[in-house]
Amino acid sequence: MRVRIAIFFLFAIPSLLLAQTGNQWNAIIGSAFTDAQGYRVLMRLTDEAGGRLVGSLPNEKGLDVLTQELRALGLSARRESYTIPGWIRGDDEITMLHPTGRKLRTAALGYTDSHPVLQDSVVFAEYGFEETYRQINASGKIVLVTSEAPPHLSPLLRLEAIEIAANHGAKGILFINDKEGGLLLCGVTNFQGKPSPIPAYSVTFEEGKWIQRLLERTVPVVVRITTRSHCASMQTSNLVVTFPGTLQRKIVVGAHFDSWDVGQGATDNGTGSAVLFDVARLLKAYSAANRYTVELVWFNGEELGLWGSKRYAELNPAGGIAAMVNMDMEGSPVGFNAMGYDEALPMLSSLAKKFGGLDLHESAVSVPGTNSDHEPFMLAGIPTFSINGRLDAEKVRYYHDLGDSFDKVNRKYLSEAAAVAAILVKELANSTELTFARRTQKETIDLLRKHKVDERLKRQKEWPFD
């Protein structure tokens, strides 16, 4: 009888291990829905703190709220502080003086610095290309440009349009938003944290087109610009939670915590911050001990130039980071992105197939991108990953404006993203198949050139190699 029992357990052990893995997956996915906390935490961040522009009091309030909530999970979160070239929004104003009086709805772009009051005529420069300035006189005037896509041409980046206007003697520049509905589009004038050469503002589609029509009928338009926003060096912090592993090499999982201040920063990037919170909860409950160390980081200052992820990458030797998973504006998952680390595609494709209850129809792709917190790690040759997701277009249209508020958040999407993200992190952190080999500088350059990412980085003046 004892021999039969021993034989039974000998053959049952592999099945039990497989069942245990499956049960753990099921527990993670179930808890992502039934025990979800991210939606509630995001409500606190958006309603109690509000828009979390880096360096602002609401940003600090939000960090306090998130620290409290992590502590309630039994997790110790530490702040890692650093100094950045910051920017403080002031009570800015643009008023039309002629042909009629009206205060315009506008938002200064980041790193627009304070200046003496400007009162000048406006000239329309179409899409802002150099060729247009040969047909107009912009010297000493305020330039108006449209953000709509030009026919048969790639649109200028705003920093390029600003530089061209400044080189032609313009005193300021106004960007007409390309979305209707009184919307603005916050952003930066450059990615290096330098004061803009001229004040730059976003104006609504409706008011911008109004000015454009007047100018096209040769009706003079005069505006007064008062900029009280200013550039200032400031100290801020990332928030970090560490799950020590058998190996010291880390899987870094990040989401930027900051947002623009005109709204609540609910979708960008409250969603990523909320999903990362639930990933922290799920890892603690179901996968606190892993092969690789897992470090969760709520980065600060992404909107002004990826400052939190840049500083983290500078302070942590690249050799100690196995991989980075970025979560920015998380929606309903549709697949994984290996961002050029093609060795992971078989593993990610297999993983996608196992989520039978979710529509991960894109499976796994490998397309590197820019302008989010994975970028500093990618440039250092570190394998980077993200989860491709779907967000509702009618909600995302409020991106970087007042309407990016908590009421736009889809609770179900947060749970779906948390389930997929937690399992992705667990699988990466316990992988024995992936080596997470760091690319050489030449390999990194070749990858970025292959996908033409180098062109964008050079235009943004963020190409670090040559």
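Read-outs throughout are calculated quantities, based only on the coordinates presented, and are distinct from any laboratory measurement. Bear in mind that the values here come from a model prediction, so they are computed numbers and not experimental data. When we count neighbours, we look across all protein chains shown, and the Cβ atoms used for this are built from the backbone with ideal geometry, even at glycine.
Some observations on this one:
- Listed peptides 262-271, 408-417, 449-458, 108-117 by packing density, highest first (mean Cβ within 10 Å): 262-271, 408-417, 108-117, 449-458
- Helix-only arithmetic for the chain: the sum of -39500 (n - 2.57) across DSSP H runs with n ≥ 4, divided by the residue total, places the mean residue ellipticity at 222 nm at -10500 deg cm²/dmol.
- Computed from backbone phi with θ = phi - 60° and the Karplus coefficients 6.51, -1.76 and 1.60, the 3J(HN,Hα) list for region 186-202 is 5, x, 10, 8, 6, 9, 9, x, 9, x, 4, x, 9, x, 10, 9, 9 Hz; x is used for glycine and proline.
- For N430, the shell of other residues with beta-carbons less than 13 Å away shows a net charge of +1, using +1 for Lys and Arg and -1 for Asp and Glu.
- Using the Stokes-Einstein relation with a Kirkwood hydrodynamic radius computed over Cα pairs, the translational diffusion coefficient of region 93-228 at 37 °C and a viscosity of 0.692 mPa s comes to 224 µm²/s.
- Of the DSSP H helices in the chain, those with a Cα length along their own long axis of 18 Å or more and a mean Kyte-Doolittle hydropathy reaching -1.0 comprise 2-34, 57-72, 271-286, 411-429.
- Neighbourhood charge, 10 Å Cβ-Cβ cut-off, centred on A32 and excluding it, Lys, Arg +1 and Asp, Glu -1: -2
- The value given for the chain is a Kirkwood hydrodynamic radius of 23.7 Å, derived from the mean inverse Cα-Cα separation.
- Part-to-part distance (alpha-carbon centres) for region 52-81 and region 353-403, which is given in Å: 24
- Here is the size of region 109-151 from its Cα atoms: Rg then Dmax, 12.2, 37 Å.
- Protection proxy ranking, peptides 57-65, 162-170, 293-301, average beta carbon neighbours within 10 Å, highest first: 293-301, 162-170, 57-65
- Beta bridges from DSSP with both residues in region 93-228: antiparallel share about 50 percent, rounded to the nearest 5.
- Net +/- balance of residues flanking E216 in space, Cβ distance below 12 Å, scoring K and R +1, D and E -1: +2
- Sorted peptide list for 175-185, 334-344, criterion being average Cβ within 10 angstrom, highest first: 334-344, 175-185
- Fraction of antiparallel bridges per DSSP, the chain only, in percent to nearest 5: 50
- A straight line joining the Cα centroids of region 96-165 and region 262-336 runs 36 Å.
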